[in-house]
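What follows draws every value from the coordinates through simple rules; no lab data is involved. All figures in this text were calculated on a predicted structure; none of them were measured in a lab. Virtual Cβ from ideal backbone geometry, glycine too; neighbours counted across all protein chains shown.
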Amino acid sequence: MTYDPMSPSQHALARGVFGGLALFAIWELAARLFDLPSYILPAVSEIIARFWTARAVLGEAAAYTLGEALAGYLLGGAIGVALALAVTLVPQLRKVIVPAATAVNSVPVVAFSPLILLWFGMGVSSKIVMVAVAVSFTMFVSALAGFDRVDERSVNLMRSFGASRAAILWKLRLPTALPLILSGMRLSTVRSLIVAIVTEMLGAYGGLGWVIYQAVIVIDFVQVWAAIFVASIASLGFFAVVSFLERRLVFWR
Amino acid sequence: MNMPMTYPSTMEPAMTPADEPILDLRKLSKTFGEVQALDGVDLTVQPGEFVTVVGPSGCGKSTLFNIVSGLEEPDNGSVLRFEGQSVHAKHLLGRVSFMPQRDLLLAWRNVIDNAILPLEIEGANKAEARAEAQRMLPEFGLAGFADKYPHELSGGMRQRVALMRTFMFKRDLLLLDEPFGALDALTRTMMQRWLLEVWQKHKRTVLFITHDVDEAIFLGDKVLVMTARPGAIKLARTVDLPRPRSADLVTSPEFISLKRELLDAIEEESMKTFGPASH
Ligand SMILES: Nc1ncnc2c1ncn2[C@@H]1O[C@H](COP(=O)(O)OP(=O)(O)OP(=O)(O)O)[C@@H](O)[C@H]1O
Ligand SMILES: [Mg+2]
């Protein structure tokens, strides 16, 4: 076997970076070759230049949006896991909570946004609530699947050692469910940012969605693209951090 | 819930005389809905005794263990006495060392931390428990494997970790449900001899389920044969073979004649399960 200094995930990263660069090169070439107007497709170089000139606005907007997304993400994660736990510990609740959660989730969350904006206002709370609603369902489903994987025979083994319900929860149920809880958390990262941005576009005092909305009004499409780039960088970063934590915490698979 | 048994009361002697059985079951029955798993099991186990149980598949052996470990209540009318006192099954939770049919090791715990699980649940000091487990590793053939995780171990090793976990839970009565069932013949023989050494050293009482008659005789002071479901004790034979037992014992005439008798009894019962229906 030849020595390979890169792990499979590093290979994937290298391919991703290469693909991104190739896409940018084609994009730049097309925009210049066909001399496209910037409201159709601005050149990448133009967008990157805007990063610099608008760095203060974009940075502040990104921090604003990330803050909302993170708060909603944590809140929704906690709600989803707590509900799944309730259903696991009190099986009678399953028949009530699962259909209710499915009914809420059968409508795209964005459909709730006018109501949520009405109830929680244009500030950050409405964004946090929207993200929490979106994330909590995913987390509920993932965590419930995780808790359902607990082997009843292992529960019995712990009971035979005299374990309390709390000890069984802490030493068996939570660790068993952890891999699926964390993969749900990983999948929810991107979703939480999308929902925060979309809600901002419908009414907000700041954030990337708000920047995009304002830029469209003044027909500044380079600004729109710059905000979109920042959003995808934030999204990738968030995803990478959670993936890293997941690999660290679920070391046994 | 309201079973006609005497609840452990202060009237009864707290001390167990030497000749008193550690476990005494009378007319023990268990029904799951339509299925009667056990029907009137009578058995006694003396302190320090090694009792093996053989019986056809599905006759209720694991059910018997689930009751004695406290996980299931027997039907009304069953008598369950432990250390001289009549008890509800649930009062046995935390009082006997139970090793289920599967190793059930926790994937996120290494060998040491799997072994100390029962001590952790008891609230023992973790560092002390780990140090104790570390000292026990060589005896269980796990020296150098302290930091390994279950997915890094062979089937035989996982079983030894599960056994070590059972031994670390220091209770007088050990219930071992087919601990060597999944092992190959060679590993199995090694493990049997090793178990006898460990048992003699730790002086525990063992109730041991197996499908293998050789194993039942080789290990046991007493062999119990169960009937087909609903399970009861069909036959009890004392094994009068000297200890420590060596591998060539299995070719001795006493061994062979006892094996013949036990096999006949088991076959008769297996026929009831698998043979032609003759009601
Ligand atoms: N919790 C339960 N609910 C319903 N039926 C059960 C339950 N536990 C066991 N049984 C039934 O009781 C009977 C005895 O099962 P048990 O597991 O005790 O058999 P066993 O002798 O251990 O079998 P094996 O040798 O295959 O391990 C079976 O018919 C089984 O289906
Ligand atoms: Mg069984």
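Other residues lying with their Cβ under 10 Å from the Cβ of residue B:129 contribute a combined charge of -3, Lys and Arg counting +1, Asp and Glu -1.
For the range A:177-189, 3J(HN,Hα) computed residue by residue from phi via the Karplus equation (6.51, -1.76, 1.60; θ = phi - 60°) reads 7, 3, x, 6, 4, 6, 6, x, 5, 5, 5, 6, 4 Hz, glycine and proline entered as x.
Over the range B:121-211, all Cα pairs binned in 10 Å intervals from 0 give whole-percent P(r) values of 14, 50, 32, 4, listed from short to long. Between the helical axis of A:8-33 and the longest alpha-carbon principal axis of chain A there is an angle of about 30 degrees.
Checking every one of the trypsin sites (Lys or Arg not before Pro) in the range B:198-279 against DSSP loop status and a limit of 12 other Cβ atoms within 10 Å picks out B:203.
Inter-label distance, residue B:170 to residue A:104: 5.1 nm, where each label sits 7 Å from its Cα along the C-beta direction.
As a calculated quantity, the FRET efficiency between residue B:236 and residue B:151 at R0 = 45 Å, using C-beta atoms, amounts to about 0.65.
Grouping the Cα pair distances of the range B:23-274 into 10 Å bins from zero gives a pair-distance distribution of 7, 30, 35, 22, 6, 0 percent in increasing distance order. The overall shape of the protein assembly as shown, judged from the alpha-carbon gyration tensor, is prolate: a/c is not under 1.5, and a/b is greater than b/c. For the range A:103-187, the list of trypsin sites (Lys or Arg not before Pro) that fall in a loop by DSSP and count at most 13 other C-beta atoms within 10 angstrom reads A:149. Legend: distances between Cα atoms for B:90/B:203; B:148/B:203; B:27/B:234; A:171/B:201; pairs beyond 23 Å are B:90/B:203; B:148/B:203; A:171/B:201. Relative intensity of chain A on a log10 scale, I(q)/I(0) at q = 0.08, 0.16 Å⁻¹, equals -0.43, -1.18, per a Debye sum over C-alpha point scatterers of equal strength in the absence of solvent. For helix A:55-89, report the angle its Cα long axis makes with the longest principal axis of the Cα atoms of chain A; keep it between 0 and 90° and round to the nearest 10°. For A:55-89 against chain A, the angle is about 20 degrees. With the convex hull of its Cα atoms as the shape, the range B:173-233 has an orientation-averaged projected area of 4.5 nm². Rounded to the nearest 10 degrees, the angle from helix A:221-249 to the longest Cα principal axis of chain A is 30 degrees. Of B:86, A:232, A:136, the sequence from fewest to most neighbouring Cβ atoms within 10 angstrom is A:232, B:86, A:136. Summing Lys and Arg as +1 and Asp and Glu as -1 over all other residues whose Cβ lies under 10 Å from the Cβ of residue B:227 gives a net charge of 0.
For the range A:153-222, the square roots of the Cα gyration tensor eigenvalues, ordered a ≥ b ≥ c, give a/c of at least 1.5 with a/b greater than b/c, which places it in the prolate category. The mean count of C-beta atoms from other chains within 10 Å of the C-beta of residues in B:108-115, rounded to a whole number, is 2.
A crude spin-label estimate for the pair residue A:57 and residue A:96, with each label 7 Å from Cα along the Cβ direction, gives 5.1 nm. Give the residue list of chymotrypsin sites (Phe, Trp or Tyr not before Pro) in the range A:98-204 that are DSSP loop and have at most 13 other beta-carbon atoms within 10 angstrom. Hits after loop and neighbour filter: nothing returned.
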